[in-house]
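Student: One structure follows; several queries about it will come next.
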Amino acid sequence: MQSLPIFRLAVVPLLGAGAVLLSAAALADGATNDTNACYKWDQFPNERLNLGVRGGGPLSFPQEGGPTQRTHGVHAKHVGVCGSGTNGAVEGVVVVKETVGAHMGLHTMVSRGAPGGGNGEFCRPVFLDCYADEASLVPETWTCQARNEFGAYHGQSTLTLVATDTAPYDPVCGAFEDKDTYESSNRGRRQVAASGTVQPRGSR
């Protein structure tokens, strides 16, 4: 069986004056130079945003002057979005402006339900719009606004980075949804108050 590459602390080459420094709590994949980081969501403490942030490229032009900007794609998983043991695939972008801060947008792509069983759709996509005053791909904290496609607005909340010395022992960060959990979720057997399941008051 092929062994997996060993993760190590990121060593980031300087990219000129616009270099973006990674947080010491992040991990870099030596093969791709992507950055892995897991965040805990204070509003939904059983959920994790386990992010893979790409190396990225420039977003600003030399003639602009001032701090440079870079954009980085995000491919990730959202653990617990539809309840315990569930996963949702995530796409997103991080934009960093040197010495100023960072923005992040995430879209968790889920749809769970069982129309034939009478439960209907009970879990829908989630959107997060986040800001950090730390100019990093993976700052220690993100301040976010969030909602889901039921129209439930989750308000302001915080994502907190899980440090490297605890990440390997966080069973929530590492959770992967297997076939049985997926099928059980679609039958509505794991419905809880999760970011993808909460509905506005008065809705069905």
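Student: Just to verify a result, which residue in the range 92-118, among those that are polar (S, T, N, Q) and closer than 18 Å to residue 81 by Cα, is modelled with the highest pLDDT? Reasoning before the result, please.
Tutor: Residues of the range 92-118 that are polar (S, T, N, Q), as a first pass: 99, 108, 111.
Narrowing further to those that are closer than 18 Å to residue 81 by Cα: 108, 111.
Details: 108: 98, 111: 92.
Taking the candidates together, the pick is 108.
Student: Output the number of the condition that residue 135 fails; it satisfies all remaining conditions of (1) modelled with pLDDT of 95 or more; (2) assigned to a strand (DSSP E or B).
Tutor: With (1) modelled with pLDDT of 95 or more; (2) assigned to a strand (DSSP E or B) applied to residue 135, the lone miss is (2).
Student: Select the strands (runs of 3 or more DSSP E) contained entirely in the range 74-127, then report the ones holding at least 2 residues which are farther than 14 Å from residue 149 by Cβ and touching a residue at least 60 places away in the same chain (Cβ under 8 Å).
Tutor: On the way: elements: 87-97, 101-109, 112-114, 120-123.
In the range 74-127, 87-97 are the strands (runs of 3 or more DSSP E) which contain 2 or more residues that are farther than 14 Å from residue 149 by Cβ and touching a residue at least 60 places away in the same chain (Cβ under 8 Å).
Student: Within the range 144-179, which residues are modelled with pLDDT under 90, closer than 29 Å to residue 101 by Cα and either assigned to a helix (DSSP H, G or I) or hydroxyl-bearing (Ser, Thr, Tyr) (or both)?
Tutor: 164, 166, 167, 168
Student: Still on this structure, I have one more. Might you let me know whether the range 180-188 holds any residue that is modelled with pLDDT under 85, over 18 Å from residue 89 (Cα atoms) and surrounded by 17 or more Cβ atoms within 10 Å (Cβ to Cβ)?
Tutor: Yes, because at least one residue in the range 180-188 is modelled with pLDDT under 85, over 18 Å from residue 89 (Cα atoms) and surrounded by 17 or more Cβ atoms within 10 Å (Cβ to Cβ).
Student: Filter the range 36-80 for residues that are of a type in the set (Lys, Arg) and under 14 Å from the mean Cα position of the chain (by Cα) and give the result.
Tutor: Taking the range 36-80 first, the residues of a type in the set (Lys, Arg) are 40, 48, 54, 70, 77.
Once the filter is applied, which keeps residues that are of a type in the set (Lys, Arg) and under 14 Å from the mean Cα position of the chain (by Cα), the range 36-80 yields 40, 48, 54, 77.
Listed here are the residues, each with its yes/no results for (1) buried (at least 23 other Cβ atoms within 10 Å of the Cβ); (2) under 30 Å from residue 178 (Cβ atoms).
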| site | (1), (2) |
| --- | --- |
| 54 | no, yes |
| 71 | no, no |
| 80 | yes, yes |
| 91 | no, yes |
| 101 | no, no |
| 106 | yes, yes |
| 112 | yes, yes |
| 128 | yes, yes |
| 138 | yes, yes |
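The values are calculated or read from the model by the stated rules, or taken from the named source; none is laboratory data. Since the structure is predicted, the reported quantities are computational estimates derived from the model, not experimental observations. All Cβ positions, even for glycine, are placed from backbone atoms using ideal geometry, and neighbour counts span all protein chains on display.
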